[in-house]
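Novice: A single structure is presented below for examination.
The values are calculated or read from the model by the stated rules, or taken from the named source; none is laboratory data. Quantities reported herein were computed from a predicted structural model and do not represent experimental measurements. Neighbour counts are summed over all protein chains in view; Cβ atoms, including those assigned to glycine, are modelled from backbone coordinates with ideal geometry. SASA here: full protein model, heavy atoms, side chains in, ligands and nucleic acids out. Shrake-Rupley method; radii C 1.70, N 1.55, O 1.52, S 1.80 Å.
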Amino acid sequence: MSDPKRLIEAFENEASRAWNSYQELGEEDISHADLEAIGKHAAEIAVGNIFWRLAIGDNIRATELADKVGRDTEEIVRQVADGCLVGLVGRNQTFLPLWQFEGGGDYGELRLGEAAQVTLTVFCEEMGSLFRPTYVISWASTKQPELGDREPRSLMSDEDSFPALKYSAKVAARRLAR
């Protein structure tokens, strides 16, 4: 099990270091309520980041992928927005889960896997303008009853699972589109 004390200690140390690097903060009169609200918001962001890190699993940054396959980062980020690739858009970077790709340990031959392509198409068609890549990431990292309580991402390279993955994606996308 994870220990939240490490997160809290790291946050406390970094917040203290950052606070002390801005001497002007010590001279300002910031209300306790404002400081508490900002601290709560920062904690929500930190825990949310942990959740998404677990959900996305092994991943590659868009800049790194672009470099390795000889494409523009903006093109890859646009493909995430258009539903052609799965990615989690962060403040400074887009993270793409590796489960969607096949072909190439050195990334030179990396391409979208057939199962990922089919499930992305299902999500896009079923959800239309409601589509968000985060829905696919969440679905892929959550045990699905249609898949015998397995995570879809664990079945992406199993060709025999493609019909079940497509069905599960359709069920999830229809539920989300309501």
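Novice: Please verify whether Val80 is farther than 30 Å from Pro4 by Cβ and in contact with a Pro (Cβ under 7 Å, 6 or more places away or on another chain), treating the condition exactly as stated. Even if it seems obvious, please write down each step before you answer.
Specialist: Numbers: farther than 30 Å from Pro4 by Cβ: yes; in contact with a Pro (Cβ under 7 Å, 6 or more places away or on another chain): yes.
Yes: the conditions hold for Val80.
Novice: I would also like to ask the following. Could you check the range 73-94 and list, in sequence order, the residues that are within 11 Å of the chain's Cα centre (by Cα) and open to solvent by 70 Å² or more (accessible area, probe 1.4 Å)?
Specialist: Scanning the range 73-94 gives a single hit, Val89.
Novice: Quick check on the range 120-137. Is at least one of its residues without any contact (Cβ under 8 Å) to a residue 12 or more places away in the chain, open to solvent by 30 Å² or more (accessible area, probe 1.4 Å) and either part of a loop (DSSP other than H, G, I, E, B) or within 18 Å of Asn59 (Cβ to Cβ) (or both)?
Specialist: Among the residues of the range 120-137, at least one is without any contact (Cβ under 8 Å) to a residue 12 or more places away in the chain, open to solvent by 30 Å² or more (accessible area, probe 1.4 Å) and either part of a loop (DSSP other than H, G, I, E, B) or within 18 Å of Asn59 (Cβ to Cβ) (or both), which makes the answer yes.
For (1) surrounded by 12 or more Cβ atoms within 10 Å (Cβ to Cβ); (2) within 25 Å of Ser141 (Cα to Cα), each residue gets a yes or a no:
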position: Arg6; (1), (2): no, yes
position: Ala37; (1), (2): no, no
position: Trp52; (1), (2): yes, yes
position: Asn59; (1), (2): yes, yes
position: Arg71; (1), (2): yes, no
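Novice: Under 19 Å from Ala164 (Cβ atoms), loosely packed, with under 15 Cβ neighbours inside 10 Å, more than 19 Å from the chain's Cα centre (by Cα) and at pLDDT 95 or above - does that describe any residue in the range 106-114?
Specialist: Looking through the range 106-114, none of the residues is under 19 Å from Ala164 (Cβ atoms), loosely packed, with under 15 Cβ neighbours inside 10 Å, more than 19 Å from the chain's Cα centre (by Cα) and at pLDDT 95 or above.
Novice: Moving on to the next point. Looking at the range 156-163, is at least one residue crowded, with 19+ Cβ neighbours inside 10 Å, of a type outside the set (Gly, Ala, Ser) and at negative phi? Walk me through it before giving the result.
Specialist: Restricting attention to the range 156-163, the residues satisfying the condition of being crowded, with 19+ Cβ neighbours inside 10 Å are 156.
Now restrict to residues that are of a type outside the set (Gly, Ala, Ser): 156.
Restricting the remaining residues to those that are at negative phi gives 156.
Looking for residues that are crowded, with 19+ Cβ neighbours inside 10 Å, of a type outside the set (Gly, Ala, Ser) and at negative phi, one finds at least one in the range 156-163, hence yes.
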